[in-house]
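One structure is given below, encoded as structure tokens.
Readers should treat all values here as calculations from the given coordinates under stated rules, not as data from a laboratory. Please read these numbers as outputs of a predicted model, since none were measured by experiment. All Cβ positions, even for glycine, are placed from backbone atoms using ideal geometry, and neighbour counts span all protein chains on display.
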Amino acid sequence: MTDRRRRGFAGRFLRSPSAVAGLVLVGLIAALGLFAKVIAPGPPFAFGFPSVGSPSRAHLFGTDAFARDMLVLVTRGIRTTLTVVGVVMAVSLPIGAGLGLTAGYAGGLLDAIITRIAEVFQAVPRFFLALVVIAVYGPGVDKIILVLSLTSWTFLCRTMRAETLSVKHRAFVAAARAAGARGPHIVARHILPHVLPRAIVVVMLMGSRVILIEAGLAFLGLGDRGKPSLGVLMSESQAYLRNAWWLSVIPGVAIVMLVLGLNLLSDGLSRALEIESDAGAAPRGWNSPGQHAA
């Protein structure tokens with residue numbers, strides 16, 4: 001991306017209210033998780049404070065029924081959520097993008113095999129699959145990460161396949177092929193820059209879904225009780241909804257802000273990258289591979 005186009009992307013991004021709002025929301029919650037030990041030092045399960053204490057200067061988020069500081073628990077719970085989302089996205093992105101690019105560019109039998117495999121994984125409800133795995137092997141964050149990593153790549157794969165099918169028939173790809181460029185070079189140099197913006201948007205949406213699934217499983221008690229979790233905090237606060245609203249509202253607001261922020265950020269990125277509604281349009285915010293192939 002040239003400096004001029006990079007500035008153009010930054011300008012479109014900053015002019016998008018949804019992009020700025022999403023960036024602020026995600027940045028705020030991410031900062032609480034990443035700097036949890038600085039913002040709220042101390043062990044997360046330390047007790048000895050007043051039980052079910054309301055928010056105060058000493059305890060900004062109050063205390064829970066086990067006399068623990070909610071600020072410490074919420075910041076550690078955000079860190080757990082960010083860890084799950086980060087690992088799942090890091091695993092799913094190369095799998096989904098790689099298989100989608102391969103299926104779209106190769107076509108034929110390989111395309112059919114990859115598509116059928118993706119459909120099989122997509123047909124299995126991730127939430128209930130996670131329930132089965134945890135019921136068999138026991139609760140834990142590692143099990144949640146494993147299940148979500150193995151099942152979250154399918155939508156990205158199908159999106160990348162559709163984008164690749166559209167781009168590979170364009171003139172600049174034909175020119176590169178006529179010039180003697182091989183398949184891997186064409187995919188990496190000429191196709192990937194056109195389909196990558198769409199992948200970024202899909203990954204953002206995928207992250208918001210992962211957050212909701214992880215929180216739902218933790219809410220049902222299927223997370224790791226040895227690690228603070230926003231879903232676990234909400235589950236433990238059900239008996240105190242009337243007289244201690246902060247126990248459930250604060251973790252719930254953190255989840256809503258993360259999910260809403262990622263969705264707004266995804267919408268803003270799609271606008272900034274100028275992704276058109278039709279799959280074949282190439283965003284102008286990226287270098288046009290046709291310039292290199294001509």
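Here the range 14-86 yields Rg over Rh of 1.09, to two decimals, using C-alpha coordinates and the Kirkwood radius.
How big is the Rg/Rh ratio for the range 152-238, C-alpha atoms only, Rh by Kirkwood, two decimals?
Radius of gyration over Kirkwood radius for the range 152-238 works out to 1.30.
With K and R counted +1 and D and E -1, the other residues having a Cβ less than 13 Å from that of Gly86 yield a net charge of 0. Each Lys and Arg Cβ is given +1 and each Asp and Glu Cβ -1; about its Cα centre, the chain then shows a dipole of about 760 debye. Shape class of the range 1-156 from the alpha-carbon gyration tensor: oblate, with a/c at 1.5 or above and b/c at least as large as a/b. When the chymotrypsin sites (Phe, Trp or Tyr not before Pro) in the range 17-73 are filtered for DSSP coil states and for at most 16 other beta-carbon atoms within 10 Å of their beta-carbon, the remaining sites are Phe35, Phe45, Phe66. Evaluated at q = 0.11, 0.13, 0.16, 0.18 Å⁻¹, the base-10 log of the normalised Debye intensity for the range 68-180, with identical point scatterers placed on the Cα atoms, takes the values -0.50, -0.63, -0.82, -0.93.
Applying both filters, DSSP loop and at most 12 other Cβ atoms within 10 Å, to the trypsin sites (Lys or Arg not before Pro) of the range 168-217 gives Arg182.
Straight-line cross-link reach from Lys37 at under 23 Å between alpha-carbon atoms covers these lysines, not counting any fewer than eight positions away in the same chain: Lys227.
One equal scatterer on each Cα of the chain, no solvent, Debye formula: the resulting log10 I(q)/I(0) at q = 0.10, 0.11 Å⁻¹ is -0.64, -0.74.
Once both axes come from the Cα atoms, what is the angle between helix 70-106 and the longest principal axis of the chain, in degrees from 0 to 90, rounded to 10? That works out to roughly 20 degrees.
Ordering Leu233, Gly42, Gly86 by the projection of their Cα atoms onto the charge dipole of the chain, which places +1 on the Cβ of Lys and Arg and -1 on the Cβ of Asp and Glu, puts Gly86 at the extreme positive end. Between Gly108, Gly77, Gly27, the GNM of the chain built on Cα springs shorter than 10 angstrom shows Gly108 fluctuating the most.
For the chain, a Gaussian network of Cα nodes joined below 10 Å ranks Leu241, Leu230, Leu222 by mean-square fluctuation, and the top entry is Leu241.
What whole number of Å gives the distance from the Cα centroid of the range 206-259 to the Cα centroid of the range 141-204? Using only Cα atoms to place each centre, the spacing works out to 34 Å. Shown is the FRET efficiency for Ser56 and Ala31, computed with R0 = 22 Å from the Cβ-Cβ distance and rounded to the nearest 0.05: 0.45. Residues considered: Asp267, Asp69, Asp142. Largest GNM mean-square fluctuation over the chain, using C-alpha springs under 10 Å, is found at Asp142.
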